[in-house]
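Below is one structure, written out as structure tokens; the observations come after it.
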Amino acid sequence: KQWYQRRVAITAGGAQGRPCNEVMVCERVYCRKEFYFAIVMDRTYNGPTMIVSTQGGMNIEEVASENPDAIVKIPVDIEQGITNREVNQVADVLGLGGDQRKQLKDAVSKLYNLFVKYDSTLLEINPLAELTDGRVLCLDCKINFDDNAEYRHAELFKKRDLSQEDKRDVDASAAGLNYIGLDGNIGCLVNGAGLAMATMDIIKLHGGEPANFLDVGGGATAEQVTEAFKIISSDPNVTAILVNIFGGIMRCDVIAQGILEAATNLKLDIPLIVRLQGTNVKEAKALMGMSSVKILPVDDLDDAASMAVKLSDIVGQAQRLNVKLDFSLDI
């Protein structure tokens with residue numbers, strides 16, 4: 001009753017926790033040893049790699065940082081598949097023998113086959129445990145699936161529980177946008193992952209904090225740009241928005257049209273700094289210049305980031321003092 005249909009605070013759920021829609025009841029077990037086992041797609045080996053450690057039941061990132069020698073990587077030939085050689089290597093690392101070794105080998109083989117069958121990108125067992133009664137069990141599991149393989153596993157993807165995800169992430173995915181929410185207050189709308197990362201870095205260089213990573217991609221439409229603005233402005237922490245577009249495949253006038261549509265529909269009341277360069281930039285500037293939308297156009301990225309940070313600070317201070325600022329973008 002304390003969990004069901006309530007928000008439960010968990011390590012991966014953030015400060016607000018996650019809604020508990022189901023409760024799974026399982027057998028209570030007692031561990032003699034706890035191990036770590038995972039399978040990932042590793043570009044270093046051009047295929048699946050098993051990651052094994054005797055230090056399970058804890059944050060594996062901390063283990064990697066404090067005791068990297070405790071983590072062993074065992075690559076698997078994706079064409080040949082898993083063999084007794086790799087399975088025995090896992091058992092050797094964990095120091096299991098006798099019946100426990102047999103149980104482990106069976107579990108590892110089945111986990112690998114599951115990983116390949118369902119186009120997984122990560123399968124993590126933490127902990128993989130040897131129990132006091134001699135059994136070897138997977139006590140907790142995390143699996144990530146390749147989104148590009150959704151058409152092959154429609155039934156599996158239907159099990160996706162959207163209530164466990166940030167609504168902004170869900171809306172962005174539906175609109176074909178790459179979005180990750182962060183803890184800052186400067187919204188970012190950029191095309192290209194590399195440029196998006198550089199934009200976030202420059203914002204931080206000027207003392208600001210980005211509120212999101214948002215890549216509209218190379219073929220975004222005006223409708224997608226409008227949806228991107230909806231997602232960014234839905235974050236109550238955002239006090240300024242920085243648009244940074246380099247028009248290669250993407251046309252700057254399409255972005256400009258989307259900005260104007262978003263300004264009309266959303267009636268943004270925070271500063272909007274826009275930096276456009278590249279294909280059809282003159283047409284884009286003409287569109288924005290002919291409108292009465294209050295946009296702050298900047299040609300230099302460094303200047304744009306500096307302006308975004310300063311204006312964001314002003315808006316933040318005004319909000320704390322309950323002072324209303326007029327940044328209306330009505331046409």
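Details
- Other residues with beta-carbon under 12 Å from the beta-carbon of Ile71 carry, at +1 per Lys or Arg and -1 per Asp or Glu, a net charge of -3.
- Largest accessible area first, the listed residues Glu124, Glu209 line up as Glu209, Glu124 when surface is computed with a 1.4 Å probe on the assembled protein chains.
- Derived scalar couplings ³J(HN,Hα) [the stretch 165-176; Karplus, 6.51 cos²θ - 1.76 cosθ + 1.60; whole Hz; x for Gly, Pro]: 10, 5, 4, 5, 5, 5, 5, 5, 4, 5, 8, x
- Long-range amide H partners of Cys188 with built H, under 5 Å: Ala211, Asn212, Leu242
- Positive-pole candidate from Met50, Gly247, Cys20, dipole of the chain, charges at beta carbon: Cys20
- With all protein chains modelled, accessible area of Asp77 [1.4 Å, Å²]: 80 Å²
- Annotation note: trypsin sites (Lys or Arg not before Pro) in the stretch 212-314 located in DSSP loop regions with a Cβ neighbour count of at most 13 within 10 Å are Lys267.
- Overall form of the stretch 147-214 per C-alpha gyration tensor (a/c, 1.5; a/b vs b/c): prolate
- Taking the accessible area of the chain, probe 1.4 Å, and keeping the other protein chains in place, the carbon and sulfur fraction comes to 50%.
- Going by accessible surface with a 1.4 Å probe and the largest first, Leu137, Leu128 read Leu137, Leu128.
- Area accessible to solvent at Leu321, 1.4 Å probe radius, in Å²: 130 Å²
- DSSP beta bridges confined to the stretch 148-276 are antiparallel in about 25 percent of cases.
- Rounded to 5, percent antiparallel among DSSP beta bridges of the chain: 70 percent
- Alpha-carbon spread of the chain, three principal axes, descending order, Å: 79, 48, 40
- In the stretch 1-110, the GluC sites (Glu not before Pro) that fall in loop regions by DSSP, at most 13 other Cβ within 10 Å: Glu22, Glu27, Glu79
- Estimated vicinal HN-Hα couplings, Hz - the stretch 287-301 in sequence order (Karplus 6.51, -1.76, 1.60; Gly, Pro = x): 4, 5, x, 7, 8, 9, 5, 7, 10, 9, x, 9, 8, 9, 5
- Mean accessible surface per residue for the chain, computed with a 1.4 Å probe while every protein chain stays in place, in Å²: 56 Å²
- The stretch 160-271 shape via C-alpha gyration tensor axes, a/c threshold 1.5: rounded
- Shown in residue order for the stretch 29-37 are the 3J(HN,Hα) couplings computed by the Karplus curve 6.51 cos²θ - 1.76 cosθ + 1.60 at θ = phi - 60°: 10, 10, 8, 8, 9, 10, 10, 10, 9 Hz (x for Gly and Pro).
- When Arg168, Arg160 are compared by accessible area at a 1.4 angstrom probe, the order from most to least is Arg160, Arg168.
- Tensor-based shape of the stretch 18-130 (alpha-carbon gyration tensor, a/c under 1.5 rounded, otherwise prolate or oblate): rounded
- For the pair Lys110 and Met290, label points projected 7 Å from Cα toward Cβ lie 6.7 nm apart.
- When the trypsin sites (Lys or Arg not before Pro) in the stretch 19-60 are filtered for DSSP coil states and for at most 11 other beta-carbon atoms within 10 Å of their beta-carbon, the remaining sites are Arg28, Arg43.
- 0 to 90° range, to nearest 10: angle between helix 222-233 axis and the chain longest Cα axis: 80 degrees
The values are calculated or read from the model by the stated rules, or taken from the named source; none is laboratory data. Not measured: the values here are computed from a predicted model. Note that each Cβ is placed from the backbone with ideal geometry, even for glycine, and that neighbours are counted across all protein chains shown. For accessibility, only protein heavy atoms count, side chains too; no ligands or nucleic acids. Shrake-Rupley method; radii C 1.70, N 1.55, O 1.52, S 1.80 Å.
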